[in-house]
Each structure stands twice: as C-alpha cells, then as structure tokens.
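Some notes on the structure that comes next.
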Amino acid sequence: MSKRKQLLAVVVAGSIFAAGGFTAISLQPTTDIAMATEPFYGEHQNGIEVARQAHATYLALDLVDGADKAAVGRMMRVLTADAELLTQGQGIIGDSQFEMAEFPARLTITFGFGYSLFKKIGALDSWPIKESSIPAYSIDKLEKAWSDGDLLIQVGGDEPTSVFHAVHELARDAAPFATIRWQQRGFLNAAGVNEGNDPRNLFGQLDGTANAKNGTPEFAERTWSTSPDNFAGGSTMVIRRIRFNFGTWDMLSSNKKNDALGRKLSDGTPTSGETVTDSKISEDAHAKLAFTDKNRGITRRGVNYDDNYLSDGTHDAGLIFTSFQSELKRFTDIQSALAMIDALNKWTTPVGSALFIIPQGVMKGDWVGSSLLG
C-alpha cells in the first residue's frame, strides 16, 4: 500500500465466539501524521490559525544592495509557488534533495515583511500600519544577531527533517535577492504528545492559556487586520527572543516560582482565588500583568529554544516569543506593563526583537504581498 494512503486501525469491537473463533472488528481510519497537510492558499496565510506544531524555524533575510520593488515581486512569486508545493509534500524545481519533501507532516510556511524592506525599495506609502518598530524597553538587552530583518519566513510542522528541507530550499530561492540575517529554531511537544493541551515553556509554565480558540470570532478579532483593504486578513507579528536565567530560577522553591508566575506550575491555575485577576494574586505576578479582558489580547504562538551554552557557561535557552495581533497596540499595551514590574523580569532577558507585517492570504496564481507591493 502506498505510504501516502491513510493507515487503518483495527479496533476489537466484540468477543471471540467459542464455536467459530470469529472476532468482531471495526475498521476505522486514523490520521497519518507524516502525510497530513495544511492548505496553503486562502483568505489568511497559513501557520497562524493552526493547531500547535512540534517544530518551528524563523528565518530573517535582508535584501541585497540594489534590490528594488520589482525584484521583491520576482522573489515572492518564486517563494509563494514553492511554498505551496512544499506544504503539500511535493519537491520543487531545482530541489537540492527532492525526496526530503515526502513527509509534509502539517508543514506551514508564512511570510512577513519588515519596515526596512519598504524603506529600501522606496515603498513606505505601502507600509500598512502606523508603527515602524517595537518600542525600546528598559529590560531589553538586544543583540543584532537576533533582531529586525527585511523579510521573515516562518516554517512550522511536526517533522523536523521536513521543516529543515523547506527552510533550506526557500533560502536557496531567495539567495539572488536577499542574504540571511538570522535563523532561530524552536520546539514544543512532539506530535501526538500532550495533544489538545497547552504546552510548557522551559520554566515549566503552561504557555498560551489565554489564547482564543481557533475558528472563533474572538480569535479573528484579536488576530486579523480589517483595514486598510489591501491588508485586511493580514496581521502584525512580533518575535522576541527571551533568554531564561536558569541559574537562579532553578534554586527557587516551587512556591516562589508559583508566586512569580501567578499560576501554579502543576496545573496552570491561579495561585489564589478563582480567576487570574483575583486581588490575592501579587500585583507583579506575570499572569496578572499579561491578562487582558474584553478580548483585548493577542494570539501567542511561542516555542522553546535550546542553543547550547555561551562562553561564560550560561545555558542559551528560553522562549522564542511570537505573537500575532490585528493591531500592534494590543502587544505594546501588555508588554509595557510587563516591562515595568513583571516579577519574571528577574529571570528573563529579551535579547532579540523584530516586527513584521503578515500580508493577507492569496489564491493560486497570486503571490504573497501582491496586495501591498504588486
């Protein structure tokens, strides 16, 4: 049987009859994780309103000197066409290793543009939001190696080899037009592990509990822009690389960790009271400061990262915080409060920061970004 067909699970539905030795069974199709695909074309780009994926890579690129608006259009035509093929488990023309596309495993590819891209090609009139960057915060110790960029390619999926292959091929596509600025790789639970529940970050905290559910009006209101028309269905994306200070965090008692978070590490419930806004929760607890009501929140899709150890012995691991929001103000309102008094600031350091706009989705034959730059 072709590996591209669904596997069949044999479920014992009855008992063995003494006389004939027959077994009553029911054949039910199950999901083949390796062959599962997500649609590429649509009103919105994929990779945002999608069930949690196990692996993610973020690739930021800078345009080569002399690249103009026409060159960006040519680049995005190639990237869009190849992204559609890769997400559907197909190799691309000139693929360096065609066979590595065989297991899409819910591969998604999302494109974003930085303000600097519009500035370089003389198209600032087409930048669709009023902000050009994320504000500087007193807690930041930003490193150029993890910040900014003209073009963002986000690749997510449940199979790390497929994610690697897609990133590698898309970087080759872009090579005539842009150079690599930085790459960040992250992970969550493996496919099928802890399915349907919120994942934990590397501090053990349940992450994403405040997200609106996919497919709901609340999710749409938080995530998708409604204006201007050529950006409707798009989003703003924030990427913040946050290094964790494990040296001192590991020495805290469970109670002190819970107090800093405002939620119990065991199950994510508030440390006291019935709701996260209960007055008994410390005013500087992370959960209280990050909480929003009346659906003024953001869509968090962060992943953990582990990039070995620095020369001073610091474990370079933490969170690649990513959020999507219909308006950047949703993020900055939350982050401004966190930067001032969040108890977790003692154990977390933002070392990278970038803002991208995520163009609306497209239909087959069109290219991502054409509504803004076409």
Selection within the range 346-362 - closer than 19 Å to M76 by Cα and of a type in the set (V, I, T) = I357, I358, V362
Members of the range 218-251 found to be over 21 Å from N295 (Cα atoms) and of a type in the set (S, T, Y), listed by number | T248
Residues in the range 68-108 that are out of contact with any Leu (no Cβ under 9 Å at 6 or more places or on another chain) and among the small types (G, A, S): how many?
-> 5
Which listed residue, of G66, G89, is assigned to a loop (DSSP other than H, G, I, E, B), modelled with pLDDT of 95 or more and either closer than 30 Å to M35 by Cβ or β-branched (V, I, T) (or both) = G89
Do you know which of the residues in the range 29-61 that are out of contact with any strand residue (DSSP E or B) (no Cβ under 8 Å at 6 or more places or on another chain) and of a type in the set (S, T, N, Q) is modelled with the highest pLDDT?
-> T37
Just a yes or no: is a residue in the range 132-144 at pLDDT 95 or above, outside any loop (DSSP other than H, G, I, E, B), crowded, with 17+ Cβ neighbours inside 10 Å and not acidic (D, E)?
-> no
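So in the range 269-283, with the set limited to residues that are touching a Lys or Arg at 6+ places or on another chain (Cβ under 9 Å) and not hydrophobic (A, V, I, L, M, F, W, C), which one is modelled with the lowest pLDDT?
Of the range 269-283, the ones touching a Lys or Arg at 6+ places or on another chain (Cβ under 9 Å) are 269-273, 276-278, 281-282.
Narrowing the set further to residues that are not hydrophobic (A, V, I, L, M, F, W, C) leaves 269-273, 277-278, 282.
Numbers: T269: 82, P270: 83, T271: 82, S272: 74, G273: 62, T277: 49, D278: 53, S282: 76.
Once the filter is applied, the top-ranked residue is T277.
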Has the range 108-128 got any residue that is within 16 Å of M237 (Cα to Cα), assigned to a strand (DSSP E or B) and of a type in the set (G, A, S)?
-> yes
Mind checking which residues of the range 290-321 are at negative phi, free of Cβ contacts under 8 Å to residues at least 12 places away in the same chain, assigned to a loop (DSSP other than H, G, I, E, B) and of a type outside the set (A, V, I, L, M, F, W, C)?
-> S311, D312
Can you tell me which residue among L261, L289 is within 27 Å of H315 (Cβ to Cβ), within 26 Å of the chain's Cα centre (by Cα) and at pLDDT below 75?
-> L289
Being farther than 28 Å from L373 by Cβ, surrounded by 14 or more Cβ atoms within 10 Å (Cβ to Cβ) and at pLDDT 95 or above, is that true of even one residue in the range 235-243?
-> yes
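The values are calculated or read from the model by the stated rules, or taken from the named source; none is laboratory data. It should be emphasised that the depicted structure is a prediction, and the values quoted were computed from it without experimental measurement. Ideal geometry is used to build each Cβ from the backbone, glycine not excepted, and the neighbour counts take in all protein chains shown.
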